[in-house]
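Below: the structure, in structure tokens.
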Amino acid sequence: MKTLMYHYVRKSQKKFPFFRYLEVENFCKQLEYFQKEFGFVSFDDFMELCENVKYFEKIRGKVLLTFDDGFKDHYDFVLPELLKRGLFACFFVSTGVYERHKALDVHRIHHLLGLTGGGELMPQVYKILDKSMLESQEIDKFTGKIYTQQDNDTSTLEFKKLFNYFIKYEFREYLLDELVKVFSSDEEIFNGLYMNEEELCTLVDEGMIVGSHSKSHFVFSKLGEKEQSLEIKDSFDFLEKLLGRLKVKIFCYPYGGFHTFTAFTERFLSEFGVTFSFNVQSKDTSLLDLQNRPQALPRYDCNEFAFGKSN
Ligand SMILES: [Zn+2]
């Protein structure tokens, strides 16, 4: 079984000249390619598999579709294409955004970069950035440079490095708050980016499965055991309150590499009654994976297959 992972799937928007996403047209081509080559895991197949992993033999070569982060893209563009073709998919949502009504920082970074590109962002960053906000070992790399003279790609790279690695974690949200005020607004980003609660309910009504992508989208291996359990528990509580009793509990790890969770995470998920959890790893799922590591199932990025590259 091949499990595929998707993030942004959308049509080109003039407003976001720099945004990276999978074009809907290519998404459709990829679906057609998978249909021809492998076929898809249906809702009934997936439920059978959850009941008994031996069912795997019947869907050994097929493709399971999964979509991360609860983007509105998935409602606007993905769902109609799935329904048109009678296909099933799993959608993973970070539930904390519905309480804080503000996009996750990682998505605010994508949004700002998509909107303006790094060329316009970096000068603004330097208006508000103070040396004390940087990890001390990185300060030298960020003093005395003239960012306005860099091309857009270089500035974009700088912006990403700065926010992903160099800025102390406790200042990141504040800095993004300030940048969002200059270029957009949190309300606009939140409403434009994620499915609303009603749309999540519609997904389930249409035969899809909505699973947890944690509450706050933190790297689990950096959290303590108490925090990890709360991230999982709170997130499923939210989903059950919204969607009613879940037919099956599934989970996918934020960021998703093998280093992003621990043996405790896997144990807790199993004890909590989660049937399967997904990470990111380029390989097919085997029966042994399902039997031995049900909380660490591999997923391919869609860009590893024909038509899956981002624009
Ligand atoms: Zn994610």
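The values are calculated or read from the model by the stated rules, or taken from the named source; none is laboratory data. Small disclaimer: the values here were computed from a predicted structure and weren't measured. Positions of Cβ are generated from backbone atoms using ideal geometry, with glycine treated the same way; all protein chains shown enter the neighbour counts. We work out accessible area using only protein heavy atoms, side chains counted, and drop any ligands, DNA or RNA first. Shrake-Rupley method; radii C 1.70, N 1.55, O 1.52, S 1.80 Å.
So in segment 244-273, with the set limited to residues that are aliphatic (A, V, I, L, M) and assigned to a helix (DSSP H, G or I), which one is nearest to the ligand (Cβ to nearest atom)? Ranking the qualifying residues of segment 244-273, first place goes to LEU269.
When the test is whether a residue is polar (S, T, N, Q) and without any contact (Cβ under 8 Å) to a residue 24 or more places away in the chain, SER185 passes it.
On the stretch given as segment 288-300, residues that are touching a residue at least 40 places away in the same chain (Cβ under 8 Å) and surrounded by 15 or more Cβ atoms within 10 Å (Cβ to Cβ) total 7. Which pairs have Cβ atoms under 7 Å, sit 6 or more apart or on different chains, and link a residue in segment 1-30 that is under 18 Å from TYR194 (Cβ atoms) and part of a strand (DSSP E or B) to one that is away from the ligand (no atom under 16 Å from the Cβ) and open to solvent by 40 Å² or more (accessible area, probe 1.4 Å)? So the pair list comes out as VAL9/PHE77; ARG10/PHE77. If you scan segment 197-238, which residues turn out to be in a helix (DSSP H, G or I) and of a type in the set (Ser, Thr, Tyr)? Once the filter is applied, which keeps residues that are in a helix (DSSP H, G or I) and of a type in the set (Ser, Thr, Tyr), segment 197-238 yields THR202, SER221, SER229, SER235.
Annotation: of all residues in segment 152-164 being more than 22 Å from the chain's Cα centre (by Cα) and farther than 16 Å from GLU135 by Cβ, the one that is least open to solvent (accessible area, probe 1.4 Å) is SER155. From the list GLU57, GLU120, GLU81, the lone residue that is under 24 Å from ASP205 (Cβ atoms), away from the ligand (no atom under 13 Å from the Cβ) and not small (Gly, Ala, Ser) is GLU81.
Applying the criterion of being within 13 Å of the ligand (Cβ to nearest atom) and polar (S, T, N, Q) to the residues of segment 84-117, the residue that is surrounded by the most Cβ atoms within 10 Å (Cβ to Cβ) is SER94.
All of ILE167, ILE232, ILE209, ILE189 fail the test of being over 18 Å from the mean Cα position of the chain (by Cα) and surrounded by 15 or more Cβ atoms within 10 Å (Cβ to Cβ), apart from ILE167.
Applying the set (1) open to solvent by 10 Å² or more (accessible area, probe 1.4 Å); (2) within 16 Å of the ligand (Cβ to nearest atom) to ASP130 leaves exactly one unmet item: (2).
Here is a check on your reading of the model: is LYS222 over 17 Å from the mean Cα position of the chain (by Cα) and within 16 Å of the ligand (Cβ to nearest atom)? Answer is yes for this residue. The residue of segment 274-287 that is farthest from the ligand (Cβ to nearest atom), among those that are out of contact with any Pro (no Cβ under 6 Å at 6 or more places or on another chain) and open to solvent by 50 Å² or more (accessible area, probe 1.4 Å), is ASP284.
Within segment 188-200, the presence of at least one residue that is of a type in the set (Asp, Glu), modelled with pLDDT under 95 and under 22 Å from TYR8 (Cα atoms) is confirmed. Residue count for segment 23-42 under the criterion of being of a type in the set (A, V, I, L, M, F, W, C) and open to solvent by 50 Å² or more (accessible area, probe 1.4 Å): the result is 1. Inspect segment 91-100 for any residue being touching a His at 6+ places or on another chain (Cβ under 9 Å) and in a helix (DSSP H, G or I) and give the result as yes or no. The answer is yes; a qualifying residue exists. All told, LYS241 falls short of being of a type in the set (Lys, Arg), open to solvent by 30 Å² or more (accessible area, probe 1.4 Å) and assigned to a loop (DSSP other than H, G, I, E, B).
Among the residues of segment 173-186, those that are open to solvent by 30 Å² or more (accessible area, probe 1.4 Å) and assigned to a helix (DSSP H, G or I) comprise GLU173, TYR174, ASP177, GLU178, LYS181, VAL182, PHE183, ASP186. Within segment 288-302, the only residue that satisfies the criterion of being part of a loop (DSSP other than H, G, I, E, B) and either within 14 Å of the ligand (Cβ to nearest atom) or touching a Pro at 6+ places or on another chain (Cβ under 6 Å) (or both) is ARG299.
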